[in-house]
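The values are calculated or read from the model by the stated rules, or taken from the named source; none is laboratory data. In this text, all values refer to a predicted model and were calculated from it rather than measured experimentally. Positions of Cβ are backbone-derived with ideal geometry, glycine not excepted, and every protein chain shown enters the neighbour counts. Each accessible area value is taken on the protein alone, full model and side chains, heavy atoms only, with ligands, DNA and RNA left out. Shrake-Rupley method; radii C 1.70, N 1.55, O 1.52, S 1.80 Å.
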Amino acid sequence: MCSCCGQRHDGPPLAFSTEAPVYWTPEMADDPDCALGSDQCVIQGQAFFVRGLIKISVTDLDEVFSWGVWVSLSPEKFARAAELWEAPGRESEPPYFGWLSTELPVYSPSTINLRTNLHTRPAGQRPLIEVEPTDHPLAVEQRTGITAVRVQQIAEALLHPGQ
């Protein structure tokens with residue numbers, strides 16, 4: 001039962017995602033030095049991003065909650081990731097360091113620029129994003145898991161902002 005709208009939903013959503021890094025603006029779509037795809041983004045030919053998943057165990061449901069997020073990579077690591085995007089065996093690549101480039105509004109302080117490692121997976125699967133193990137609430141939740149109640153809190157905050 002949703003405490004915001006009073007309706008009964010078929011369980012809380014177990015995934016939320018953003019369409020673009022926080023630095024992307026709609027005007028960039030017409031800029032030839034910018035490109036936004038479903039998994040990769042380039043801004044002004046100088047900032048490079050890859051979409052991946054932060055997975056968090058839902059401890060009392062035996063499920064996984066996922067955040068679809070963007071991380072910035074160095075030009076070299078982005079080029080390497082792009083080169084191997086469809087390659088068999090890309091999952092054997094060492095992790096790529098990146099900065100989280102998605103604001104997840106249910107966390108304080110901000111999630112922008114949290115240190116991450118991007119782990120490639122087999123072609124066709126989005127990379128996994130590991131948040132540096134700090135005391136930031138997102139990092140703590142990734143390490144320790146969350147409950148179904150927390151999933152409901154996240155869903156209500158994102159689906160009913162301002163309530």
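Observations
- Pairs where the first residue, in region 40-66, is within 11 Å of Thr147 (Cβ to Cβ) and the second is assigned to a strand (DSSP E or B) and among the charged types (D, E, K, R), C-beta under 9 Å, 6+ apart: Ser57/Glu63; Phe65/Lys55
- Of all residues in region 135-159 being open to solvent by 50 Å² or more (accessible area, probe 1.4 Å) and part of a loop (DSSP other than H, G, I, E, B), the one that is farthest from Arg80 (Cα to Cα): Thr147
- The set of residues in region 104-120 that are open to solvent by 50 Å² or more (accessible area, probe 1.4 Å) and in contact (Cβ under 8 Å) with a residue 12 or more places away in the chain comprises Pro105, Ser108, Pro109, Asn113, Arg115, Asn117, His119.
- Test: residue in region 89-97 that is among the hydrophobic types (A, V, I, L, M, F, W, C), under 23 Å from Gly45 (Cα atoms) and open to solvent by less than 30 Å² (accessible area, probe 1.4 Å): no
- Those residues of region 124-134 which are aliphatic (A, V, I, L, M) and open to solvent by less than 50 Å² (accessible area, probe 1.4 Å), in sequence order: Ile129, Val131
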